[in-house]
Amino acid sequence: MKNWPRKCYYINRNAELNQVLNASPSNSFLREVMTSFYLAIFLFSFGMASAQLSSNFYSSSCPSAISTIKSAVTSAVSKEHRMGASLLRLHFHDCFVNASLLLILYCLLGNEIIFKTVSSFWGDTYSLSLTWLACVCLKQGCDASILLDDTSSFTGEKTASPNDGSARGFDVIDTIKSKVETVCPGVVSCADILAVAARDSVVSLGGNSWTVELGRRDSTTASLSAANSDLPSPTMDLSALISSFSDKGFSAKEMVALSGSHTIGQARCKMFRDRIYNEANINSSFATSIQSKCPSSGGDDNLSPLDATSPIVFDNAFYKNLLKNKGLLHSDQQLFNGGSTDSQVTTYSTNSATFFDDFASAMVKMSNLSPLTGTSGQIRTNCRSIN
């Protein structure tokens, strides 16, 4: 008895959404009904996920959680300023992986009207033991999947190209988790620790604070392929950057704001070698100074600050550097290169308060990408492995 449809679609980009909609019947009325169904279920699901996050989620179950995390982050960043950028990047690389829609249409247990509708829609014949029309699920996102080590059943995200050799701070997260487990065993998720640690890292380096919504749960799997495909690349042009962030629901303005995280942290030579030796839109003296640390061959892992002006202070100097063609990464300089985002870069370069406000708002939005809530996922005891 065939009671599962053979077609389901993972929607990650607008083109794939159109593929699903175009797969519907030629009957325009039914197509409109199904389209409305998708949108209604998506909005309901998104609202339910967001509603289950709360800034006071641990006020009763673990009132010392936030202060414990802050204390550990402050200590780690004071010992190594770069760690602030590393923890912020971990949260970003966690949230951006698979933060999309998994749309599944299926029916169980027998209603002939629904059966005929579904059969027509999918272009296949299914058993009459069909009746329940199901659902849209939010898949991965801010779920601490980046923290999982490889297992026999999946290869994790740590060795994905954007993370391999550059994602760091896992030991700090381990320390924070251990401290939190001591005061509140089995209560605070690794995903929430990442979200709070990112905020506290920015504050530790001079940036503004923001309210972190809490209540995320941890995933029980990770995806190497999704990490390789979902994270924006330092070689992207402006159009690709806008598209990459748009896929996750961010505007070009929010993309520019989030890129301001590059006011702290460092990058490896192999990520910017082509820019400093071959690109024209770069300040020549800046390129020469960086070439001394990044030879034309070899030294792939040599580090240079993303913001050479104030590399350990969270400020708006990153944008000021772009106006002078001193962006270290190709993707960074694309934000100010005669394109549609030039004016936003200029605004942030002259108004740090506006940047801070927009960055905080974009971080809140990013932290709410597809969280696991309620009974989904688990609260890991060890952030590196599932329970």
**Asked** N325 passes all but one of (1) outside any helix (DSSP H, G or I); (2) open to solvent by less than 40 Å² (accessible area, probe 1.4 Å); (3) not acidic (D, E); which number fails?
**Response** (2)
**Prompt:** Quick check: is even one residue across the range 371-378 within 30 Å of N321 (Cβ to Cβ), open to solvent by less than 30 Å² (accessible area, probe 1.4 Å), out of contact with any Cys (no Cβ under 6 Å at 6 or more places or on another chain) and among the polar types (S, T, N, Q)?
**Reply:** no
**Request:** Tell me which of these S67 doesn't satisfy, since it passes every other one: (1) touching a residue at least 60 places away in the same chain (Cβ under 8 Å); (2) out of contact with any Ser or Thr (no Cβ under 9 Å at 6 or more places or on another chain); (3) assigned to a helix (DSSP H, G or I); (4) not β-branched (V, I, T).
**Result:** (1)
**Item:** Leading residue by the ranking (nearest to H262 (Cα to Cα)) among those in the range 331-345 that are touching a Leu at 6+ places or on another chain (Cβ under 7 Å) and either modelled with pLDDT under 95 or in a helix (DSSP H, G or I) (or both)
**Value:** D332
**Item:** All positions within the range 156-172 that are in a helix (DSSP H, G or I) and either without any contact (Cβ under 8 Å) to a residue 40 or more places away in the chain or among the β-branched types (V, I, T) (or both)
**Value:** D171, V172
**Request:** Answer yes or no: is there a residue in the range 49-57 that is touching a Gly at 6+ places or on another chain (Cβ under 9 Å), open to solvent by 70 Å² or more (accessible area, probe 1.4 Å), assigned to a helix (DSSP H, G or I) and modelled with pLDDT under 95.
**Result:** no
**Message:** Looking only at the range 223-248, how many residues end up being in a loop (DSSP other than H, G, I, E, B) and modelled with pLDDT of 95 or more?
**Reply:** 7
**Message:** Can you list residue pairs whose Cβ atoms sit under 7 Å apart, with the first residue in the range 338-362 being without any contact (Cβ under 8 Å) to a residue 40 or more places away in the chain and of a type in the set (F, W, Y) and the second being open to solvent by 60 Å² or more (accessible area, probe 1.4 Å) and part of a helix (DSSP H, G or I)? Count only pairs 6 or more apart in sequence or on different chains.
**Reply:** none
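The values are calculated or read from the model by the stated rules, or taken from the named source; none is laboratory data. Treat the numbers as computed from the prediction; the structure is a model and nothing was measured. Cβ coordinates were reconstructed from backbone atoms using ideal geometry, including for glycine residues, and neighbour counts include every protein chain displayed. Accessible surface areas use protein heavy atoms only, side chains included; no ligands, DNA or RNA. Shrake-Rupley method; radii C 1.70, N 1.55, O 1.52, S 1.80 Å.
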